[in-house]
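Each remark here refers to the structure printed beneath this line.
The values are calculated or read from the model by the stated rules, or taken from the named source; none is laboratory data. These numbers come from a predicted model, not from an experiment. With ideal geometry, Cβ positions are generated from the backbone for all residues, glycine too; neighbour counts draw on all protein chains shown.
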Number of protein chains: 2
Amino acid sequence: MKKFFSPSSICVIGASRNPEKIGYIIFENLVNYFEGKVFGVNPSAQEILGQKIYRSVLEIKEKIDVAVICIPADLVPQALEECGKKGILYAIIISAGFSESGRSGTEREKKLLEIAQKFGIRILGPNCLGLINNLKNLNASFAPSQLPPKRKVAIFSQSGAMGAAILDFACGENFGFSYFVSLGNKADISEIDLLEAWEKDSEIDLAVGYLEDIKDGQKFLEVAKKFSLKKPLILLKGGMSKAGNRAAASHTAAMAQDIEVFKTACFESGVVLAKNLSDMFELAVAFSENPIPQSKGLAIITNAGGPAVLAADACESEGVELPHPGQKTIQVIYQNTLAASIKNPIDLRGDARPSDYRITLEAVLKDKNFSGVLLIISPQRMTEVNKIAEEISKVKKKAKKPIYVNFLGGKMVAEARKICRENQIPSFTYPERGVRAFRFQAERNAVVDFLKKERDEFREPHPNFEKVNQLLKVAFLGPSYPLISKILSLYNVPMAEVVLAKNENQAALALKKIKPPVVMKVCSKDILHKTDVGGVILGIKNKREARLAFRKIIENVKRNCPEASVEGVIVMEMASEGLELILGAKKDAVFGPVLMFGFGGIFVELIKDFSLALPPFSQEKIRQMILKTKASKIIYGYRGKNYNPEVLEKTLLGLARLIVEHPQIKSIEVNPAILMDKNNQILGLDAKLEFEKDNQQKLC
Amino acid sequence: MKKFFSPSSICVIGASRNPEKIGYIIFENLVNYFEGKVFGVNPSAQEILGQKIYRSVLEIKEKIDVAVICIPADLVPQALEECGKKGILYAIIISAGFSESGRSGTEREKKLLEIAQKFGIRILGPNCLGLINNLKNLNASFAPSQLPPKRKVAIFSQSGAMGAAILDFACGENFGFSYFVSLGNKADISEIDLLEAWEKDSEIDLAVGYLEDIKDGQKFLEVAKKFSLKKPLILLKGGMSKAGNRAAASHTAAMAQDIEVFKTACFESGVVLAKNLSDMFELAVAFSENPIPQSKGLAIITNAGGPAVLAADACESEGVELPHPGQKTIQVIYQNTLAASIKNPIDLRGDARPSDYRITLEAVLKDKNFSGVLLIISPQRMTEVNKIAEEISKVKKKAKKPIYVNFLGGKMVAEARKICRENQIPSFTYPERGVRAFRFQAERNAVVDFLKKERDEFREPHPNFEKVNQLLKVAFLGPSYPLISKILSLYNVPMAEVVLAKNENQAALALKKIKPPVVMKVCSKDILHKTDVGGVILGIKNKREARLAFRKIIENVKRNCPEASVEGVIVMEMASEGLELILGAKKDAVFGPVLMFGFGGIFVELIKDFSLALPPFSQEKIRQMILKTKASKIIYGYRGKNYNPEVLEKTLLGLARLIVEHPQIKSIEVNPAILMDKNNQILGLDAKLEFEKDNQQKLC
């Protein structure tokens, strides 16, 4: 998409004489600043801004790389058709009145796509703000013409208004960028295309974007991961709550996405997920102007106790560490400054001089205990805030570690803050925000490590693939617990053995196959709560007890549930004591296969202690997933109790493989699965299987 | 303390000729602006700023209400002595060099207090910034002389630097106040004195403070509660984490306080606890300029989808509701504006006019579905941001509901933000911050209700008070489970019955007293893990089994633990199945009695699902405390299971009463206590009692 971002020539279809109109603003922005050739198209004008105007693109003889279209919606299809004939490969459609505005608009958008496909045109929008390439002075948007500095940052936004706000913020804060893309309705070009292009673009070191929906989740993951391996991607997503989703639905018809799945998807693809607008803006500045720290150790340098205490509080809640300075650092600071306390925070006292800040900052940057520095400057009587800002600026230019600055106050520190912004030092109104930015930057290393090590353990189909494929065909017609349990077992998910006994004899014989003690349960589609009708007997130890239990169960059910049709009694292996878990796998509508692990039982529904993982799956990745839960503290050793986590990891791996290799499965859940104390084994006691075509059944 | 805040005359001891010195700045601030009389004291000067200077306060003939002392620390005691002789009742000691600076400083501070006590002087500081009464143009501080508008807001800060930052912030943001007090070392005057005075002061509608420690927690609670019943108190506390506490310790020697206890204390006394500096500043503005909303229903008015979606996301995470507009509101907006979507958020479209905002805002303010409004203005092409700010300002003047404004962006909205600040409209850089401010304001109602209804159920001592007092004396010499259990039972905490059997016969006889099945456990101080040495046998149903169990336990212990001294075997009542809980009560070093409730067992240590309560105790309050835990969802009905919460509430009330009425108890814990399924009863199975004088023992 090189010609899209850096065209040699561009035309504006709908160039206008009226300075109030978008068609004028865009044309003016291009004519006045763009380094390439600009053509205007308007059937009822001859000249605008001293430029010749054409009746149609077909009249223009020169080659045109990009067309900007800003005419009424109903005229757009014809204009696009002409672009096609002219051989233009990229169209930026500013006009509104498409899928965002009801059924006829959606039809119109469909038509655009048909034309585009016919001619091989790529479309940005419709219903968008346009495109800016700051490096080429290309402002094909109706944003103000004064742009901030050129930096290696790319910005994209699905919402036009949010895009306008981001641009205005960038101008106000002197936050530079290279490309700005307003995605609008995303009829064709989406965040996926942008990330693919920017991953290879040496003019980009960082991408920042606002999205409301993601259509092809699996493709997005793949592209975002590839991008993240090279450069950070900061994302803010609207509609991350039920209320937000409702609000979004009336806005861009964004799809309701499972929020936890989305968070996991971002985490696993290395995306820096901003929680809100303040995060997005502040992280954009931090990632753009600071290098990435190598660890979580932050040094705090301050001239006041109070705000440093608050910064330390923030460190704890953000998981940032406050190591002690090394011996040499202490010595340098002690000998050259008025510092009162050289721990961490390092307190330079209320009368700290600009040189004290400089010397301390330089010493700390050399100290391998620290990966970043937060400077707090409280405007006290002797504090030369502007000079301190200048000293910090000098050090920042050579610094190889990130620096965060908090000038605390209002009027007295306004100028110092400006100095910081001009010198590309991330400056924060409150100390806790600087700590938060450091935390996000510090997490980047771990993420890249994780992505580099990632591997797919399912290179070849499971040896039992064919067998299971056949069984699934049978199960589709009528899944039963024995069948599902067989399928799971074939993929290394150990399930309790069962025998369906139709009479006393069969019940007794079952104990030859299944090692007692066993549990016996009535088998009937009509009975939901088996225990309540006396349909379950536990701890059966021998044949005599099995016969007795069979009779008792049938009797109970006949008495309590006379109308139920009974298929027999299930004889089932019993688990010994252990942890009750849920193991699940499902296909997410957007992101595809998702693996789930969590605590089972009544507690769990209250605690909601679970975690998710997305492909590619490996035992290591599954371990990371388990470790995200509180349950993992028990599983990986707690109070002397020993479980076998490897057995659990392998079981989950089997479940993951089952859903990845068999697209006909929509979801499969083993609940409860017991991770047993005694024999270090896991045993699933019940399972549910759902097929893609809404053929849902729960058995046993 | 009327004369302290509004003195008629004031003297500066240490008035200086050197414009760089604090003694000059303060003297100048007073001479130039203060409405009352000002005197300067300095033995080596005759005239400063055209004012006669005295060698000592004793030379001044007029009456003096307040002395400001800013001379070297070692000279302060003598100056204070002279203040006493002169009959001055309030001294503001700016000088540093006291308890904040090591042992000799602490000694010096002690001496100050002795002098103060002798003469009845109240001291502010030492080591503080001073005092400002903006209403009287009294600036007895070395803060800049240009002060923001006069408003009914009082500010206090324990940290001087934080105080300076707050003042500078107030000046920058045009945030008005009446009093500003820098507390410094709090040798005498503390936040308690301020709140007591301000509660009755009609010039104060709101107090905002920064604290690092609270010495007399119980008194603070009492005063804060009384204050909160009338006006909001916003508090930010430094050192709310382990890291922050360590940082604070090197700063003001602040006491390490149990963070959860502190949070509960604030909650119960109606304090608005800010989480960080951004909270403190933004909430100060919101509470100062907005009325209190009557419910949690917020309306969002916007001209852009994206930021409104993000605001809705924030509503969900802050627990703010987004009700639908009423029929009439919809009609008014539909007929008079260009609104695209009249749900909530109300979307006025990108080309919304200032009048659209005004009309919609007015309609929404009249709608009883809403208690507050958030306005989002994204600077789009047609958006007249400044005019919108002016329209909002007009409506705000008459509004009886809170209004929060978010002009989104940078340069283009800077002027509009200024208009908002000048017209006392809380304006936020990001929409999520406005939502958060609304949430805190909306919680204020519930808090006042809660405080009004609060009552103490322990008006007279428990009928068993004397009996328990006697038993505690015995227990102090050697607490045993039977004794502790007796004490608890006498205060309505049901404990499992026990008999200590010294031989087989006694074990068998015990079953006459305790209804089987029973549990039998070895009784020995030397054995920690009774189960591991075969010292516990469960489910003993009759005398024969009791004899057998006695023999078996003694045998096991002799074999596995030959050196242990064994007192006998305890025969104990068994609980039926139920929930395992922890019930505790302790004396906090700062806040006094604290009641604790939580889930028991291994899960709990992982989940940390517990809640606390402070006096006064009532069954209603204890219910609120239980309801704060996740455990309460099970206790108050879950999945058809029924427990008896009242039994639990009454048991906790008994435990609370025990610690409140018996000061010799430091802590008492019943763990586990079983809330049983079947008989709707609760039963404590073990208990631990600790006396105030470190006489700790655990029995059984």
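For segment B:232-348, the helices (runs of 4 or more DSSP H) that sit wholly inside it and include 1 or more residues that are of a type outside the set (Asp, Glu) and either within 18 Å of residue B:166 (Cβ to Cβ) or not assigned by TED's automatic domain parsing to the domain that holds residue B:383 (or both) are B:242-252, B:259-268, B:277-289.
Residues that are within 14 Å of another protein chain (Cβ to nearest Cβ) and buried (at least 18 other Cβ atoms within 10 Å of the Cβ): does segment B:114-127 have at least one? Full working, then the answer.
The initial filter retains those residues of segment B:114-127 that are within 14 Å of another protein chain (Cβ to nearest Cβ), namely B:127.
Cutting the leftovers down to buried (at least 18 other Cβ atoms within 10 Å of the Cβ) gives us B:127.
Yes, that holds for at least one residue.
Scanning segment B:145-204 for residues that are surrounded by 24 or more Cβ atoms within 10 Å (Cβ to Cβ), of a type in the set (Gly, Ala, Ser) and within 22 Å of the chain's Cα centre (by Cα) turns up B:154, B:157, B:159, B:160, B:163, B:182, B:184. In this structure, is residue A:260 within 30 Å of residue A:454 (Cα to Cα) and either facing another protein chain (nearest Cβ under 9 Å) or under 18 Å from the mean Cα position of the chain (by Cα) (or both)? So residue A:260 passes the test. Residues in segment A:616-632 that are surrounded by fewer than 20 Cβ atoms within 10 Å (Cβ to Cβ) and more than 14 Å from chain B (Cβ to nearest Cβ): 6 in all.
With the requirement that a residue be touching a residue at least 12 places away in the same chain (Cβ under 8 Å), of a type in the set (Asp, Glu) and outside any loop (DSSP other than H, G, I, E, B), what does segment A:18-58 give you? Within segment A:18-58, A:28 is the sole residue that qualifies. As for segment A:94-112, it holds no residue that is of a type in the set (A, V, I, L, M, F, W, C) and over 18 Å from residue A:183 (Cβ atoms). Evaluation of residue A:268 against the conditions (1) in contact with a helix residue (DSSP H, G or I) (Cβ under 7 Å, 6 or more places away or on another chain); (2) closer than 20 Å to residue A:227 by Cβ; (3) among the charged types (D, E, K, R) shows that the sole unmet condition is (1). The residue list A:98, A:27, A:39, A:34 contains one member that is touching a Cys at 6+ places or on another chain (Cβ under 7 Å) and not basic (Lys, Arg), which is A:39.
Looking at segment A:139-148, can you tell me whether even one residue there is in contact (Cβ under 8 Å) with a residue 12 or more places away in the chain, more than 14 Å from chain B (Cβ to nearest Cβ) and not polar (S, T, N, Q)? Looking for residues that are in contact (Cβ under 8 Å) with a residue 12 or more places away in the chain, more than 14 Å from chain B (Cβ to nearest Cβ) and not polar (S, T, N, Q), one finds at least one in segment A:139-148, hence yes.
Could you say which residue among B:521, B:512 is charged (D, E, K, R), under 22 Å from residue B:571 (Cβ atoms) and assigned to a helix (DSSP H, G or I)?
On the way: B:521 fails: assigned to a helix (DSSP H, G or I).
So the residue among B:521, B:512 that is charged (D, E, K, R), under 22 Å from residue B:571 (Cβ atoms) and assigned to a helix (DSSP H, G or I) is B:512.
Residues in segment B:588-634 that are under 18 Å from the mean Cα position of the chain (by Cα) and at positive phi: 1 in all.
Scan segment A:310-319 and tell me whether some residue there is more than 14 Å from chain B (Cβ to nearest Cβ) and buried (at least 21 other Cβ atoms within 10 Å of the Cβ). No; the residues of segment A:310-319 include none that is more than 14 Å from chain B (Cβ to nearest Cβ) and buried (at least 21 other Cβ atoms within 10 Å of the Cβ). Taking the conditions exactly as written (crowded, with 17+ Cβ neighbours inside 10 Å and farther than 20 Å from residue B:129 by Cβ), does residue B:38 satisfy them or not? It is false that residue B:38 is crowded, with 17+ Cβ neighbours inside 10 Å and farther than 20 Å from residue B:129 by Cβ. Would you confirm whether any residue within segment B:67-76 is within 14 Å of chain A (Cβ to nearest Cβ) and closer than 27 Å to residue B:134 by Cα? There is at least one residue in segment B:67-76 that is within 14 Å of chain A (Cβ to nearest Cβ) and closer than 27 Å to residue B:134 by Cα. When A:602, A:527, A:582 are screened for being part of a strand (DSSP E or B) and at pLDDT below 95, only A:582 passes. Considering B:666, B:678, the condition of being outside any helix (DSSP H, G or I), among the charged types (D, E, K, R) and over 19 Å from residue B:494 (Cβ atoms) is satisfied by B:666 alone.
Among the residues of segment B:152-169, which ones are without any contact (Cβ under 8 Å) to a residue 40 or more places away in the chain and at the interface with another protein chain (Cβ under 7 Å from one of its Cβ atoms)? The answer is B:161, B:164, B:165, B:168.
So, in segment A:438-497, how many residues would count as being under 30 Å from residue A:321 (Cα atoms), of a type in the set (Lys, Arg) and at pLDDT below 95?
Initial filter on segment A:438-497 (under 30 Å from residue A:321 (Cα atoms)): A:438-454.
With the extra rule that they be of a type in the set (Lys, Arg), the set shrinks to A:439, A:444, A:452-453.
Cutting the leftovers down to at pLDDT below 95 gives us A:444, A:452-453.
Adding up the residues that qualify gives 3.
Is it the case, given these coordinates, that residue B:16 is in contact with a Gly (Cβ under 6 Å, 6 or more places away or on another chain), polar (S, T, N, Q) and assigned by TED's automatic domain parsing to the domain that holds residue B:115? For residue B:16, the condition - in contact with a Gly (Cβ under 6 Å, 6 or more places away or on another chain), polar (S, T, N, Q) and assigned by TED's automatic domain parsing to the domain that holds residue B:115 - is met. Taking segment A:345-401 as the range and being among the acidic types (Asp, Glu) and either surrounded by 24 or more Cβ atoms within 10 Å (Cβ to Cβ) or within 14 Å of chain B (Cβ to nearest Cβ) (or both) as the test, the residues that pass are A:347, A:351, A:384. Criterion applied to B:444, B:436, B:417 was being touching a strand residue (DSSP E or B) at 6+ places or on another chain (Cβ under 6 Å), charged (D, E, K, R) and under 30 Å from residue B:319 (Cα atoms), and the one residue passing it is B:417.
Would you check if residue A:159 is of a type in the set (Ser, Thr, Tyr) and farther than 30 Å from residue A:106 by Cα? Step through it out loud before you land on a result.
Values: of a type in the set (Ser, Thr, Tyr): yes; farther than 30 Å from residue A:106 by Cα: no.
No, not satisfied.
Can you tell me how many residues in segment B:208-226 are assigned to a helix (DSSP H, G or I) and either surrounded by fewer than 24 Cβ atoms within 10 Å (Cβ to Cβ) or on the phi > 0 side of the Ramachandran plot (or both)? Walk me through how you get there before you give the answer.
Narrowing segment B:208-226 to residues assigned to a helix (DSSP H, G or I): B:217-226.
The next check asks that each one be either surrounded by fewer than 24 Cβ atoms within 10 Å (Cβ to Cβ) or on the phi > 0 side of the Ramachandran plot (or both); those that pass are B:217-223, B:225-226.
Residues in segment B:208-226 being assigned to a helix (DSSP H, G or I) and either surrounded by fewer than 24 Cβ atoms within 10 Å (Cβ to Cβ) or on the phi > 0 side of the Ramachandran plot (or both): 9 in total.
If you go through segment A:412-445 and keep only what is in a loop (DSSP other than H, G, I, E, B), touching a residue at least 40 places away in the same chain (Cβ under 8 Å) and closer than 19 Å to residue A:150 by Cα, you end up with A:424, A:425, A:426.
Kindly establish whether residue A:666 is surrounded by fewer than 19 Cβ atoms within 10 Å (Cβ to Cβ), within 24 Å of the chain's Cα centre (by Cα) and either within 14 Å of chain B (Cβ to nearest Cβ) or more than 16 Å from residue A:579 (Cβ to Cβ) (or both).
Values: surrounded by fewer than 19 Cβ atoms within 10 Å (Cβ to Cβ): yes; within 24 Å of the chain's Cα centre (by Cα): yes; either within 14 Å of chain B (Cβ to nearest Cβ) or more than 16 Å from residue A:579 (Cβ to Cβ) (or both): yes.
Spelling it out, residue A:666 is indeed surrounded by fewer than 19 Cβ atoms within 10 Å (Cβ to Cβ), within 24 Å of the chain's Cα centre (by Cα) and either within 14 Å of chain B (Cβ to nearest Cβ) or more than 16 Å from residue A:579 (Cβ to Cβ) (or both).
Considered as a group, the residues in segment A:281-290 that are in contact with a Gly (Cβ under 9 Å, 6 or more places away or on another chain) and of a type outside the set (S, T, N, Q) include one that is surrounded by the most Cβ atoms within 10 Å (Cβ to Cβ), and that residue is A:286. The single condition among (1) touching a Ser or Thr at 6+ places or on another chain (Cβ under 8 Å); (2) buried (at least 22 other Cβ atoms within 10 Å of the Cβ); (3) more than 10 Å from every other protein chain (Cβ to nearest Cβ) that residue A:268 does not meet is (1).
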